[in-house]
1. Looking at the stretch 225-248, I want the residues that are without any contact (Cβ under 8 Å) to a residue 60 or more places away in the chain and have a partner that is among the hydroxyl-bearing types (Ser, Thr, Tyr) with Cβ atoms under 7 Å, at least 6 apart or on another chain. Which pairs are those?
2. Could you tell me which residue of the stretch 171-186 is nearest to Thr154 (Cα to Cα), considering only residues that are assigned to a strand (DSSP E or B) and of a type outside the set (A, V, I, L, M)?
3. Inspect all residues belonging to the stretch 86-94 and state whether any of them is crowded, with 20+ Cβ neighbours inside 10 Å and without any contact (Cβ under 8 Å) to a residue 24 or more places away in the chain.
4. Quick check on the stretch 359-378. Is at least one of its residues open to solvent by 50 Å² or more (accessible area, probe 1.4 Å), touching a residue at least 12 places away in the same chain (Cβ under 8 Å) and of a type in the set (Phe, Trp, Tyr)?
5. Mind checking which pairs have a first residue in the stretch 28-44 that is within 14 Å of Val237 (Cα to Cα) and a second that is open to solvent by less than 90 Å² (accessible area, probe 1.4 Å) and among the small types (Gly, Ala, Ser), Cβ under 6 Å, 6 or more apart or different chains?
6. May I ask you to say which residue of Thr339, Thr290, Thr317 is of a type in the set (Val, Ile, Thr) and surrounded by fewer than 19 Cβ atoms within 10 Å (Cβ to Cβ)?
7. Being more than 12 Å from Lys5 (Cβ to Cβ), surrounded by 14 or more Cβ atoms within 10 Å (Cβ to Cβ), touching a strand residue (DSSP E or B) at 6+ places or on another chain (Cβ under 9 Å) and free of Cβ contacts under 8 Å to residues at least 60 places away in the same chain is the filter here, so list the residues in the stretch 45-73 that pass it.
8. Return the pair list, or none, for Cβ contacts closer than 9 Å from residues in the stretch 301-322 that are closer than 18 Å to Thr98 by Cβ to residues that are open to solvent by 60 Å² or more (accessible area, probe 1.4 Å), at least 6 apart or on different chains.
Amino acid sequence: MGIIKGSEFIERIDKLKNEIWIDGDKVSGKISEHPAFKGVLESKASLYDLQSDPLLKNEMTFLLPEFEEPIGLSYLIPKTKEDLIKRRRMIEHWAGFTNGLMGRSPDYMNTAIMSFAASYPLLEKRENCFPENIKNLYKRAMEQDFSFTHTFITPQVNRSQFNLGITKEPIAARVIDKNNNGLIIKGARLLATQGGLTDEVFVISTPGYLMDSSEAFAFSIPSNTKGLRFICRESFVGGESTFTHPLSSRFEEMDTLIVFDNVLVPWDRVFIYDNVEAAYDFMNKSSFHTFAYHQVITRQIVKTEFMLGVAQLLVETINIGEYQHIQAKLSEIIIGLETMKALLEKSENDARIDQWGIMRPSIVSLQVASNIFPIIYPRFSEIIQIIGASGMVSLPTEKDFNSKISEDLDKYLQGTNRNAKDRIKIFRLAWDLTMSSFGTRQTQYERYFFGDPIRLSSSLYNNYPIGPHVEKISKLLNLNLNE
């Protein structure tokens, strides 16, 4: 089939009838009509439509000899630096539509599936590993333009380094049995963003200290698999009005707990099981981290551009651009933006072919960027709050402007160069971005997108090539390098 249209995506998700629970109730009827999911599914459908846009098609799709129809470019395995730039431009188009506010736009997981499939030789000739299955998933995903969520975080019952996690009933999802048909999984996984709103769920382990082999697995299954339950947090959709809730009404992605209630995973869906070493290599030696960083940092740059635009609109609306402390704050965002852009381009300039012929961006530059953004994003959110000051607190709604008090609002809430309605639109946008439940979730989401920031910095330190610098100083001091 190749690329699909947005209407096909919506129809497919509705037909799945996934088991989704929100606020104590099981979702019934069409998922796409539920108030908590309607906006994000419509936005996601628009993303699929971008691939068919005649003006963008050449930058959003590519052709393969074995397929008659165009394939989404997010599935392209890059073999050259030019391919990397093509991928970046494609990601910029997806992110541009959402202003970088959807961390799980389809290209993220498409990139993940591509990267794991490109690294399939890691699983060859290893016990309980099925490299052909990840290759087949990649082919199916391209053929049908699948959407995916993924999960790899275990429940935070006890985060002690020495917790063995031994309980009578499984808490973290694990293999409890296997038979001729496949693996039986019981337990739970955390934080599947857009859980229940995708075609499939990609489940992978992140092996840690003293990990039990029953938790070392990777597979992908349809979201409507029997025994699979998605439990949602509270919805952050403030309402359907794009005036009153300009961002949450469109881009609220939802995060879910996934419960595996004796779920059967067919053998042809299993990539790894009962092999801790292979599970570790699949996550850490494949090209997953490299290409995931590349996709995410591209999106975060677009998001930073959006934040800079919002901040400047606030400045112009209340005419405070002459103040140096305001200029300094806007300069902070500019410095962060240009730093992220430089690191992304450096990763592409320093890209190298890996052992399987795949052009990988430089992981070091990407890791530096991924350590920077969790620090600067909360600051950028704070800057917008400070610029807006008390104007961010008392904000009327669309209904207020359509009521008898509209004359009062028009008179007292106008800006220097904006009428009251436009001024409030700008301030409500800034509020939804930084102060609403949707906005504060965005801050927490970016703060922990790639995990614990301390672990990220430790990983950077442990992998950075510091040796040549130490050697240079040692030679300067005539130190004995063998000691």
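The values are calculated or read from the model by the stated rules, or taken from the named source; none is laboratory data. Computed from a predicted model, the values in this text were never measured in an experiment. Methodologically, a virtual Cβ is constructed for each residue, glycine included, from the backbone with ideal geometry; neighbour enumeration extends over all protein chains shown. Areas reflect the complete protein model, heavy atoms only, side chains present, ligands, DNA and RNA absent. Shrake-Rupley method; radii C 1.70, N 1.55, O 1.52, S 1.80 Å.
1. Taking only residues 6 or more apart or on different chains, the pairs are Gly239/Ser249; Thr242/Ser249.
2. In this case the residue turns out to be Arg174.
3. no
4. no
5. From the stretch 28-44, the pairs are Ala36/Ser235; Gly39/Ser249; Leu41/Ser32.
6. Every option except Thr339 fails the conditions.
7. Within the stretch 45-73, Met60, Thr61, Phe62, Leu73 qualify.
8. If the second residue must be open to solvent by 60 Å² or more (accessible area, probe 1.4 Å), the pairs left are Ile301/Glu92; Ile301/Lys341; Val302/Glu92; Thr304/Lys341; Leu308/Ile334.
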